[in-house]
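The values are calculated or read from the model by the stated rules, or taken from the named source; none is laboratory data. For clarity, every value in this text was computed on a predicted model and none was experimentally measured. Because the Cβ atoms are built from the backbone with ideal geometry, glycine has one as well, and the counts that use them run over all protein chains shown.
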Amino acid sequence: MKTTIISTMMLLLISCGPGTGTRSVRQEVSEDWIQLFNGKDLTGWDIKIKGYELNNNYKSIFRVEDGIMKVSFDSIEKFNNEFGHIFYKDPFSQYKLRIEYRFIGEQVPGGPSWAFRNSGVMLHSQPASTMLLDQDFPVSIEAQFLGGNGTDDRTTLNVCTPGTHIEMDGKLITQHCNNSTSLTYHGDVWVTAEFVVLGSDVIHHIIDGDTVITYNKPQVGGAHEGYEIPEGTLIERGYICLQAESHPVEFRKVELLNLEGKN
């Protein structure tokens, strides 16, 4: 698809009501962006790594260096399923999210083959505090980040569904991962990913101005043990978290425009 984010910006223009000039709307949008990552430290974030208690940042997998939030495995000799997630402290429902990420270096020995240059951002996630000690991934909608191997095609901003289902074109999708239409990004290049999340109505994944996948009605489906919300329940809001899956990845921007109350 070649749907641009212009429609989203038009929605914002319309939602501000008649008589509002473009210049003032753009100023309002600019002022409303929240920097979830402050560029200095991990203030405002909670960490959950499989096998460890909440906020035990095992081997400093998550860290900030030179103004970059880093997922690093340089203190781990062999990966032993230490899947990790770092959660922003507040939940959101309707928003636009922008993340700049890149993969670097080599995957830690022992990491699964599918996790090569693999990370992601979890949308509408369950709270970190409710994850089980040995739970791999939170119940959420994953916008998957993938990097290329230098040769083969490999789309990014795919959608995966740990403990959830979605609808596409009016059909319930229970397949775990569904590919986007994005290009492949080889090497250690910075990629800007954007998301428009409107509660349980619709979620768009956008890259280079193009909407590469759209889906509707995120809902509980095939949830993990201990997750008591009934299957089929629409997910209206939740937490945002970034992944650690055995390949080093860096984030230099994580910012959010809250759209609640703008319709």
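Which one of these does residue 120 not meet: (1) in contact (Cβ under 8 Å) with a residue 12 or more places away in the chain; (2) assigned to a helix (DSSP H, G or I)?
(2)
Being free of Cβ contacts under 8 Å to residues at least 60 places away in the same chain and among the charged types (D, E, K, R) is the filter here, so list the residues in region 184-213 that pass it.
Selection gives 201, 208.
Give the residues of region 127-171 that are of a type in the set (Lys, Arg) and in a strand (DSSP E or B), sorted by residue number.
Within region 127-171, 171 is the sole residue that qualifies.
Please find, within region 206-263, the residue that is farthest from residue 71 (Cα to Cα) out of those that are at pLDDT 95 or above and among the aromatic types (Phe, Trp, Tyr).
Among those that are at pLDDT 95 or above and among the aromatic types (Phe, Trp, Tyr), it is 215.
Looking at (1) over 19 Å from the mean Cα position of the chain (by Cα); (2) assigned to a loop (DSSP other than H, G, I, E, B); (3) among the hydrophobic types (A, V, I, L, M, F, W, C), which is the one condition that is false for residue 189?
(1)
So, in region 225-263, how many residues would count as being among the acidic types (Asp, Glu), touching a residue at least 60 places away in the same chain (Cβ under 8 Å) and more than 30 Å from residue 148 (Cβ to Cβ)? Break it down stepwise before answering.
First, pick out the residues of region 225-263 that are among the acidic types (Asp, Glu): 225, 228, 231, 236, 245, 250, 255, 260.
Filter again for touching a residue at least 60 places away in the same chain (Cβ under 8 Å), leaving 225, 236, 245, 250, 255, 260.
So of that shortlist, the ones also more than 30 Å from residue 148 (Cβ to Cβ) come out as 225, 236, 260.
Residues that pass the stated criteria total 3.
Just to be sure I understand, how many residues within region 182-201 are surrounded by fewer than 15 Cβ atoms within 10 Å (Cβ to Cβ) and either of a type in the set (Ser, Thr, Tyr) or touching a helix residue (DSSP H, G or I) at 6+ places or on another chain (Cβ under 7 Å) (or both)?
Residues in region 182-201 being surrounded by fewer than 15 Cβ atoms within 10 Å (Cβ to Cβ) and either of a type in the set (Ser, Thr, Tyr) or touching a helix residue (DSSP H, G or I) at 6+ places or on another chain (Cβ under 7 Å) (or both): 1 in total.
Can you tell me how many residues within region 207-230 are loosely packed, with under 15 Cβ neighbours inside 10 Å and either among the small types (Gly, Ala, Ser) or in contact with a Phe, Trp or Tyr (Cβ under 8 Å, 6 or more places away or on another chain) (or both)?
Counting residues in region 207-230 that are loosely packed, with under 15 Cβ neighbours inside 10 Å and either among the small types (Gly, Ala, Ser) or in contact with a Phe, Trp or Tyr (Cβ under 8 Å, 6 or more places away or on another chain) (or both) gives 3.
Report, by residue number, each residue of region 157-180 that is closer than 18 Å to residue 118 by Cβ and polar (S, T, N, Q). Before you say what the answer is, go through the steps one by one.
If we filter region 157-180 for residues that are closer than 18 Å to residue 118 by Cβ, which is where we start, we get 157-162, 175-180.
Within region 157-180, 158, 161, 175, 178, 179, 180 qualify.
Considering only residues that are of a type in the set (A, V, I, L, M) and assigned to a loop (DSSP other than H, G, I, E, B), look in region 98-117 and name the one that is surrounded by the fewest Cβ atoms within 10 Å (Cβ to Cβ).
By that ranking, first place goes to 104.
Pick out the one residue from 247, 204 that is farther than 19 Å from residue 135 by Cβ, surrounded by 19 or more Cβ atoms within 10 Å (Cβ to Cβ) and in contact with a helix residue (DSSP H, G or I) (Cβ under 7 Å, 6 or more places away or on another chain).
Step by step, each of 247, 204 is checked, and only 247 is farther than 19 Å from residue 135 by Cβ, surrounded by 19 or more Cβ atoms within 10 Å (Cβ to Cβ) and in contact with a helix residue (DSSP H, G or I) (Cβ under 7 Å, 6 or more places away or on another chain).
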